[in-house]
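Encoded as structure tokens, the structure appears first; notes follow it.
Bear in mind these aren't lab numbers, they're just calculated from the coordinates by the rules spelled out. Since this is a predicted model, take the numbers as computed values, not measurements. As a convention, Cβ positions derive from the backbone with ideal geometry for all residues, glycine included, and neighbour counts pool all protein chains shown.
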Amino acid sequence: MRRRAGSFLKHTGLIIVALLMLYPLLWMVASSLRPNADIFTSSGLFVDTFDLDHYPNGWNALAYPFSTYLLNSFLVVLGSVIGNLVSCSMAAYAFARLQFRWRRWAFMAMLVTIMLPIHVLIIPQYVVYAQLGWINTYLPLIVPKLLATDAFFIFLMVQFIRGIPRELDEAARIDGAGHARIYGQIMLPLMVPALATTAIFTFIWTWNDFFTQLIFVTKPDLYTVPVALRSFIDAQTQSDFGAMFAMSVVSLIPVFLVFLFGQRFLLRGIATTGGK
């Protein structure tokens, strides 16, 4: 009875905490269905008067249809995911398997970059990208991903590779395989959980990124979803919060689907990496 009572109390507490965490999201969904006059007058989740016009109005409220911004975000996300998967996995293989001079110092320097906030780097990055003529293009958002700049994912994959037996490498070398073949035919298939974790986190973080996309992209036709959502709020005129909430709900659908279908890979990747 004590165990059952303890389990009941734990599950009840977890349910309460989950509802508290989901409340802002549920309130946003409910607000996207309310008239603008009722959005900030009610903190409940029940909708008395439905106003479905926020979705078509929000879709066409800006200079371009919202599908344009969704496509822009998908392009940036696709380039970022591919860049991180290729570059971070290659860098992780080099740190975990290759023997070269200053390897430990280079690995430590890579880990130090995790502690650097983006606000420290954004000004020199902007100066460099401006001199290269990359402002108002997606190159500042994609090219760094091709250069293994996300140290967190490198560290994640290094820990995963270190858990793979070195006997597999030695057997491949006996068969005449070099590092490229070992990386492509042995490591990558075994790294699927870590690669899936990297892809999911890269998708979510890039899709929700607002600061860097706002700095480097200022043309309305190149806006991504976070920057486009900010355009619904105008300090000089009346803001259309209903349309903004409606498009916010639409923008959450890809993130929800990616997390839903990649959850088992995400949990397996984190669990196996943490246990190495």
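For the stretch 1-51, what's the relative contact order in percent, using C-alpha pairs closer than 8 Å and at least 6 residues apart? With pairs under 8 Å counted, the relative contact order is 31 percent.
With the convex hull drawn over the C-alpha atoms of the stretch 1-51, the volume per residue is 76 Å³. Taking the three principal axes of the alpha carbon atoms in the stretch 115-171, the coordinate ranges are 49, 24, 13 Å, sorted in descending order. Taking K and R as +1 and D and E as -1, what net charge do the other residues with C-beta under 13 Å from the C-beta of Ala180 add up to? With Lys, Arg at +1 and Asp, Glu at -1, the net is +2. Each principal axis of the Cα atoms in the stretch 65-199 has its own extent, and those three values, largest first, are 55, 35, 23 angstrom. Put simply, the amide H of Ser239, placed in the peptide plane, has neighbours under 5 Å in Asp234, leaving out anything fewer than 5 places away on its chain. FRET efficiency for the Leu19 to Trp102 pair, using the beta carbon distance and R₀ = 51 Å, is estimated at 0.50. If a spin label sat at a point 7 angstrom from the Cα of His119 along the line to its beta carbon, the backbone N atoms of the stretch 205-232 nearer than 18 Å would be those of 209-216. Once Rg and the Kirkwood radius are both taken over the C-alpha atoms of the stretch 165-236, their ratio Rg/Rh works out to 1.35. Residues in the stretch 197-210 carry Karplus couplings, in order, of 4, 4, 5, 5, 5, 4, 4, 5, 5, 6, 5, 8, 5, 10 Hz; the curve used is 6.51 cos²θ - 1.76 cosθ + 1.60 with θ = phi - 60°, and Gly or Pro positions show x.
Going by alpha carbons, how many degrees (0 to 90, nearest 10) lie between the helix axis of 103-112 and the longest principal axis of the chain? Compared with the principal axis, the helix lies near 10 degrees. With respect to the chain, whose longest principal axis is taken over its alpha-carbon atoms, helix 2-31 is tilted by about 60°. Over the Cα atoms of the stretch 1-116, the radius of gyration divided by the Kirkwood radius equals 1.22; this is the Rg/Rh ratio.
Annotation: average projected area of the chain is 21.2 square nanometres, based on the convex hull of Cα atoms across all directions. Here r is the Cβ-Cβ distance between Val143 and Ile253 and R0 is 22 Å; the resulting FRET efficiency, rounded to 0.05, is 0.20.
Relative to the longest principal axis of the Cα atoms of the chain, the long axis of helix 151-162 lies at roughly 40 degrees.
Modelled spin-label separation between Val86 and Phe50, with each label point placed 7 Å from Cα along the Cα-to-Cβ direction: 4.7 nm.
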